[in-house]
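Taking it in order: structure first as structure tokens, then the write-up.
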Amino acid sequence: MRRRSFIQAAVAAAAATTMTGRGAFAAESEFESRLLALAAVIVPGSEPGTWRNSAVASALLAEIGDPGRRERRERYRAALEQLNRATDDRAGESFFALAGERQAGVLKKLIESDEEFGKKIGKEFAAMREDVLRVYFSSGAGMKFTGYRETTQFVGYPEFFQLAETWE
Amino acid sequence: MPRAKYDAIIIGLGAAGSVVTEALSGAGWKVLALEEGPWYSPFRDYPDERAVRTPTGLTYEPGSLRPSMVKCVGGSMLFFAGVFFRLHESDFATRTRAGCGTDWPISYKELEPFYNKVEIFSGASGSNKNVFEVPRGAYPNPAHPVSRGAQLFARGARTLGYHPASTPMSIISRPYRGRPSCTYCARCGEGCMVGDKSSPEMTYIPAAVKNGADIRAGYKVLTIETNAAGRATGVVYKDAEGVKQRADSDLVMLCGSALLNPTLLRRSRGPAHHDGLGARSAMVGRNLMCHNGGRYMARFPEVVNGYMGISGGINVQDFYEGAPGGDFHRGYTLYVSLLPPPAEFVGYLERDRWGGRLMDVMGSYNRIIRLAVVGEDQARPENMVYPDPEATDENGFPRPRVRFKRTVNELNMFEHAVASSRSICRAGGADDWENHYISSGSAHPLGTCRMGDDPDKSVVDRWGACHDVPGLYICDGSVFPTSGAVNPSLTIMALAARTADHLISRRSG
Ligand SMILES: Cc1cc2nc3c(=O)[nH]c(=O)nc-3n(C[C@H](O)[C@H](O)[C@H](O)COP(=O)(O)OP(=O)(O)OC[C@H]3O[C@@H](n4cnc5c(N)ncnc54)[C@H](O)[C@@H]3O)c2cc1C
Ligand code: SF4
């Protein structure tokens, strides 16, 4: 993502939080809550509730809900269902019923050892992961977490550089 | 009404074309400069992200490296990082000195006055204390301040007995000739709207306009025309409205880049050039070089904000000529380059891509620096740009197709660069986290119309004159016989300035 779009996305995400108070969205379907649960495994977030009632969760759902990408949404839905079933086969429980830490452990094992799983949903998991990473690390929460600070021509020199010396 | 005849027609307004256009128009010549891409307005288009990369039309063989370029007034320099090295003296004689590559037909000394000229015009900023460079005078502007990460890198290099130096930049470090100094906003890759980055649209192009050069953007040259005697006579181009036109001149200067020149030359058949222009040596399109590029990332215990400011910082050239016991030819430069924003950075993390391990790394994002590796790659005739046998462009011409494979030589060199980056960063205090990758693309395509004294082995002579087409000069990154191990734009511009100077003095003499 180009730096300017990145900053704009982050500002928009921050603005969304301000405008809507505690978040104007609700995970409306099973698919959406499953997707957010998987997002929390991929990016556990620095604060509890990162993927619930938050600007970043809204941003992810908006991204996935993009009508132009309906086909992708269906593929993700199928992949999440397969993940659930594969976990059931392995652990006797639904993936989405497990606690967060166990979800991460099961997912790791599935990816590393289950060829069948890898073939079936590995590609979709990789795509979902890309979406989650992009949305989170372009968001205000992601910026705060990484310590990334906007630097623009209009803000003036970053103090970091004002203090730096010419090096010889 | 007879068509206007120009003193020179320039094809392409990138690094080289801009310099040539300014120089010839400044000498009072009637110059027509045709650029296929758009002409962006920095202050209007850059902030709004309207300055985008238009499609290059290139195709790639499966498994090929994917070098690219940028089409617009200013060329690839519009989005360039501003690193502005000179080649070293040894680069001009690698065959004689190191038994590899090809000697250039010119020496460093012959190019030196033109390095000076371009640096002064561009307001280059740097320090003349790099022990590996030919001793030189002061830069027009002082070196830029360097980030904390670059300082730690320098400390590590010094600890190991290496010779870190300030990286020369074409970004001005103080107000210069009516342009303000850099604000360190880290947006060089999107076009500098402040005006301190000396890409041609801020320097040579405004000067050429002032000189009266006729600059037309959105005009694609379809063919270079030659007469029965084999001489260049002009060009056929498509104007911005899509209408085919012709312009006449006894001097055509091709500055379209190493990636786009070969197909234009090959499709420009004439009564005396049945296989296209410059075909005698069969070298058109061959010997593509891309630099042995890659990145190394290291993490320090303190905040270094590696994403802030400008690339360049500090460089180490102790391995420029090779390394003792190294299983590769010639060598590489290391310098501190900008860390991309988090959403892009995360894409480079393979093993740590999700869960707790991902968050551990991302939580230390502002303690990470990224080094660029720019290594010399060896020209090989098999690495080439040629007309795609299947894909055609909007005019029905074959698209330029790239075939480029790295060899064991380059892989060995990159491995060495990773090991030396690691030891330098760790000596500077980095912990044991690291990440590195060899690039799958390249922003430094070079070669494809190599310069040489022997018409059977090269496409152009020491001045850029095409051996077998009187009146045709080629003048851009395509003429490099070897790649050197530094970013090429300053050398491309210096060569262009030298060729222009030669043409002007020949005419007035
Ligand atoms: C992202 C990026 C970062 C870079 N960073 C650095 C750096 O820090 N330091 C450095 O030294 N170098 C850097 N480079 C490389 C540098 O920009 C190039 O090496 C240099 O610009 C090449 O100059 P050139 O004149 O050969 O071609 P270009 O600058 O690519 O210009 C060629 C021009 O010719 C035009 N053209 C081609 N064919 C036709 C035609 N038929 N009709 C009309 N017009 C035509 C093209 O549209 C283009 O505008 C970078 C490049 C990129 C893309
Ligand atoms: S960092 Fe400097 S050169 Fe780069 S875009 Fe910002 S102001 Fe321009």
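The values are calculated or read from the model by the stated rules, or taken from the named source; none is laboratory data. What you see is a predicted model, and the numbers here were worked out from it, not measured in a lab. We place every Cβ from the backbone using ideal geometry, glycine too, and count neighbours over all the protein chains shown.
Among the numbered criteria (1) buried (at least 22 other Cβ atoms within 10 Å of the Cβ); (2) within 14 Å of chain A (Cβ to nearest Cβ); (3) in contact (Cβ under 8 Å) with a residue 40 or more places away in the chain, which one does B:Arg155 miss?
The one condition B:Arg155 does not meet is (1).
Please specify each residue of the stretch B:141-152 satisfying the condition of being over 19 Å from B:Met308 (Cβ atoms) and either crowded, with 22+ Cβ neighbours inside 10 Å or more than 10 Å from chain A (Cβ to nearest Cβ) (or both).
B:Asn141
Name the residues in the stretch B:168-183 that are near ligand 2 (Cβ under 10 Å from one of its atoms), in a loop (DSSP other than H, G, I, E, B) and surrounded by 24 or more Cβ atoms within 10 Å (Cβ to Cβ), would you?
B:Ser170, B:Ile172, B:Cys182 - these are the residues of the stretch B:168-183 that are near ligand 2 (Cβ under 10 Å from one of its atoms), in a loop (DSSP other than H, G, I, E, B) and surrounded by 24 or more Cβ atoms within 10 Å (Cβ to Cβ).
Being at pLDDT below 95 and either over 21 Å from the mean Cα position of the chain (by Cα) or within 30 Å of B:Glu133 (Cβ to Cβ) (or both) narrows it down to one of B:Gly322, B:Gly270, B:Gly306, so name that one.
None of the other options fit; the residue is B:Gly306.
Mind listing whichever residues of the stretch B:1-49 are among the β-branched types (Val, Ile, Thr), under 17 Å from B:Ser489 (Cβ atoms) and more than 11 Å from ligand 1 (Cβ to nearest atom)?
B:Thr21
Checking B:Ile171 against (1) more than 11 Å from chain A (Cβ to nearest Cβ); (2) at pLDDT below 95, only one condition comes out false. Which one?
B:Ile171 satisfies all of (1) more than 11 Å from chain A (Cβ to nearest Cβ); (2) at pLDDT below 95 except (2).
Just wondering, is there one or more residues in the stretch B:472-490 that are farther than 23 Å from B:Val31 by Cα, within 14 Å of chain A (Cβ to nearest Cβ) and away from ligand 2 (no atom under 16 Å from the Cβ)?
So far as the stretch B:472-490 goes, no, none of its residues is farther than 23 Å from B:Val31 by Cα, within 14 Å of chain A (Cβ to nearest Cβ) and away from ligand 2 (no atom under 16 Å from the Cβ).
Could we say that B:Gly429 is within 14 Å of chain A (Cβ to nearest Cβ) and surrounded by fewer than 21 Cβ atoms within 10 Å (Cβ to Cβ) here?
no
May I ask you to list the residues in the stretch B:190-234 that are away from every other protein chain (no Cβ under 14 Å), within 30 Å of B:Glu394 (Cβ to Cβ) and either assigned to a loop (DSSP other than H, G, I, E, B) or within 16 Å of ligand 2 (Cβ to nearest atom) (or both)?
Within the stretch B:190-234, B:Ser199, B:Pro200, B:Glu201, B:Ala213, B:Gly218, B:Tyr219, B:Asn227, B:Gly230, B:Arg231 qualify.
For A:Gly142, indicate whether it is of a type in the set (Gly, Ala, Ser) and either more than 16 Å from the chain's Cα centre (by Cα) or not in a helix (DSSP H, G or I) (or both).
When the stated conditions are applied, A:Gly142 does not pass them.
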